[in-house]
Structures are given as structure tokens and as C-alpha cells.
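The values are calculated or read from the model by the stated rules, or taken from the named source; none is laboratory data. Computed from a prediction, not measured in an experiment: that's the story for all the values here. Here the Cβ positions follow ideal geometry from the backbone for every residue, glycine too, while neighbour counts run over all protein chains shown.
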Amino acid sequence: MRTRGFEVVKEYANKGINLPVRKTKHSAAYDIEAAEEVVLPSFQKGMKPTLIPTGLKAYMQSDEVLLIVPRSSGPKKQGISFPHNVGVIDSDYYNNPDNEGHIFVQCINLKDEDVVIKKGEAVAQAIFQKYLTVDDDNAEGMRTGGFGSTDRKDR
């Protein structure tokens, strides 16, 4: 039985996507790389974040979540920041019908000039974690889509 891990989404099969790895024995996070070259425009007020495709999906236990967090060197080295601070990948995002569970990293560029993120460049870290629910939790909804689907009104 598989417990948790990463897979390449079909769209990026045979495109040289590296599965995330921990770099040291006691690292909590797995480094996530860009699946293709992406240009991050210099930030301007009102601008939407740029979505960086990873070419990855993640499977995990039903009481787990995958947190996508910034790399500590991101702002200094790459000029990138996460507008939401932490991305949350729920276990039922895996293999959803909209996008197969493809994980994207939302970024904004803090530099005064455009930044090019190259394919294979680390852009985020991923941490698997257990979560708890309250005593009277009665969530019954089923995911019917991908990115941003849990707050859709058409479900």
C-alpha cells in the first residue's frame, strides 16, 4: 500500500520532471521545481500572481495535507514571494477531474525587473502533515474540480 508521495501528471510525462527530494537527512521539506521556464513580471499593484507549473501531483492519506511553502532563499535569490504565504493541497485534490491534481506554485516577483525561472529551478518546498478536525465536524462534500474548486458555488 502506498502512503504518500509524488507523481508526474500525464501532461508532463517524458518531459524530464524530477520528483521532489529532501536534501538532508533531517529536512522537513521536499524541494519543488518549475516544470518549464516561466517569466515572472515585476510586481505592479493589482496584478494577479503568476502560476508556475510543477508537473507534479501528490497522493497522501485522507487525514493529511501537503503544505507548499516558500524557500527561505526565494526573495533574496530569485525575488519571488508567495502572495498567500502557504499553499494547501488537500488529499482529494489528487487525480481530480479538472487537472489531475497538478500542483502550481503562485508567485509574485518583488524585483524591479522581470525574473526568469528556469525549468528545474527550485521554487518552493512541500511538507506533508497530519491535520485534526473538530468534534462536530460533518463535512460531506466531494471535490469535483481542481485549483480553487472548494469554494465554487456550482458544486
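It is to be established whether one or more residues within the stretch 52-62 are over 28 Å from Asp114 (Cα atoms), polar (S, T, N, Q) and at pLDDT 90 or above.
Yes, that holds for at least one residue.
Quick one: His26 ticks every box in (1) surrounded by 19 or more Cβ atoms within 10 Å (Cβ to Cβ); (2) part of a loop (DSSP other than H, G, I, E, B) bar one, so which box is it?
Against the list (1) surrounded by 19 or more Cβ atoms within 10 Å (Cβ to Cβ); (2) part of a loop (DSSP other than H, G, I, E, B), His26 comes up short only on (1).
For residues in the stretch 30-48 being within 15 Å of the chain's Cα centre (by Cα) and surrounded by fewer than 19 Cβ atoms within 10 Å (Cβ to Cβ), which is nearest to Arg71 (Cα to Cα)?
The selected residue is Asp31.
Does the stretch 65-86 contain at least one residue that is hydroxyl-bearing (Ser, Thr, Tyr) and at pLDDT 95 or above? Break it down into steps so the answer makes sense when it comes.
Just the residues of the stretch 65-86 that are hydroxyl-bearing (Ser, Thr, Tyr), to begin with: 72-73, 81.
The next check asks that each one be at pLDDT 95 or above; those that pass are none.
Taking every residue of the stretch 65-86 in turn, none turns out to be hydroxyl-bearing (Ser, Thr, Tyr) and at pLDDT 95 or above.
Looking at (1) at pLDDT below 95; (2) in contact with a Gly (Cβ under 7 Å, 6 or more places away or on another chain), which is the one condition that is false for Lys15?
(1)
For Gly146, state whether it is closer than 17 Å to Glu7 by Cβ and at pLDDT below 90.
Judged against the criteria, Gly146 is a match.
Please list, ordered by first then second residue, the pairs with beta carbon atoms under 6 Å, 6 or more apart or interchain, first in the stretch 5-29 and within 17 Å of Val69 (Cα to Cα), second in a loop (DSSP other than H, G, I, E, B).
Phe6/Leu19; Phe6/Pro20
Go through (1) part of a loop (DSSP other than H, G, I, E, B); (2) touching a Pro at 6+ places or on another chain (Cβ under 9 Å) and name the single condition Val21 misses.
All conditions pass for Val21, except number (2).
Filter the stretch 49-66 for residues that are more than 17 Å from Asn95 (Cα to Cα) and buried (at least 19 other Cβ atoms within 10 Å of the Cβ) and give the result.
Thr50, Ile52
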